[in-house]
């Protein structure tokens with residue numbers, strides 16, 4: 001998050017909201033928008049309130065859709081921020097210039113490049129010397145969480161792509177509110193992560209390497225990093241080119257992909273001839 005804008009990497013699964021019971025939908029909504037008394041303070045949610053809402057089936061259906069909606073999520077995020085800042089600045093009116101722009105991420109390389117780009121925003125803007133000292137980033141949240149468990153030694157071990165590194169990663173992000181970097185459902189977790197076989201340590205190596213590219217314009221490639229790029233089906237040169245394009249804001253459109261095939265498949269699904277962001281794909 002910067003002074004005048006913020007970036008979010010979100011996973012939207014509307015099937016989750018569709019699977020909730022009507023009562024869970026109502027209770028979740030009343031947590032977001034609790035009933036208020038004459039003094040405008042939140043009231044305790046009672047079973048009688050819940051039952052009254054459950055009797056209105058069309059309302060419950062509408063609320064279920066909103067709970068799975070990106071637009072409503074952004075409203076819930078931006079409106080309190082705008083009110084808070086306007087109150088602190090003693091001013092009125094719109095705080096954000098526009099609603100928001102959303103870009104669908106279609107493959108794992110683009111998922112990682114978007115995550116790294118966001119985590120390096122404060123470093124690139126000169127607001128933090130290193131990614132781990134940037135105040136409003138997920139990477140600092142992840143590192144602080146590991147430190148809070150007293151498992152920095154395990155994190156250092158997980159920097160390696162070896163079997164021992166994977167074992168050391170076990171449980172590092174299990175209790176963290178953020179989506180884990182590594183999807184360990186096939187190993188020791190019930191939580192869905194971002195990428196199977198890609199540890200938090202791997203991600204930190206990638207962020208550190210890219211941060212040096214941003215600060216110095218160059219960075220040496222270790223054997224471990226070369227292995228990461230190989231597993232992603234890319235190279236250090238292609239990675240650098242794509243991150244520089246992201247930083248330059250030259251990726252237009254609603255989709256981000258490192259694969260022309262993925263973009264063509266998305267275009268076919270939408271019934272259009274082509275999609276923007278082809279300049280985000282590697283050359284063929």
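Quick note: the coordinates plus some simple rules give every number you see, no bench work behind them. All values derive from a computational prediction rather than experimental measurement. No Cβ is skipped: glycine too gets one built from the backbone with ideal geometry, and neighbour counts run over all protein chains shown.
The distance between label points at residue 83 and residue 135 comes to 2.3 nm (points 7 Å beyond Cα on the Cα→Cβ vector).
Gyration tensor analysis over the Cα atoms of the stretch 50-190 returns equivalent ellipsoid semi-axes of 34, 24, 16 Å (largest first, whole Å). The mean sequence distance of close C-alpha pairs (under 8 Å, at least 6 residues apart), as a share of the length of the stretch 104-279, puts its relative contact order at 23 percent.
Relative to the dominant Cα principal axis of the chain, helix 260-270 is inclined by about 20°.
The stretch between residue 6 and residue 102, if pulled fully straight at 0.36 nm per residue, gains 33.3 nm over its current Cα-Cα span. Measure nothing fancy, just the Cα-based angle from helix 223-232's long axis to the longest principal axis of the chain, in degrees from 0 to 90, nearest 10. For 223-232 against the chain, the angle is about 60 degrees. With the simple model of a label 7 Å out from the Cα in the direction of the Cβ, residue 267 to residue 52 spans 5.4 nm. Over the residues of the chain, the helix contribution to mean residue ellipticity at 222 nm works out to -15500 deg cm²/dmol, using -39500 (n - 2.57) for each DSSP H run of at least 4. The alpha carbons of the stretch 14-89 give a radius of gyration and a Dmax of 14.2, 43 Å, in that order. Computed over every Cα-Cα pair of the chain and binned at 10 Å starting from 0, the pair-distance distribution P(r) comes out as 5, 22, 30, 26, 13, 4, 0 percent. Tell me the angle of helix 57-67 to the major Cα principal axis of the chain, expressed in degrees between 0 and 90 and rounded to the nearest ten. Helix 57-67 sits at roughly 30 degrees to that axis.
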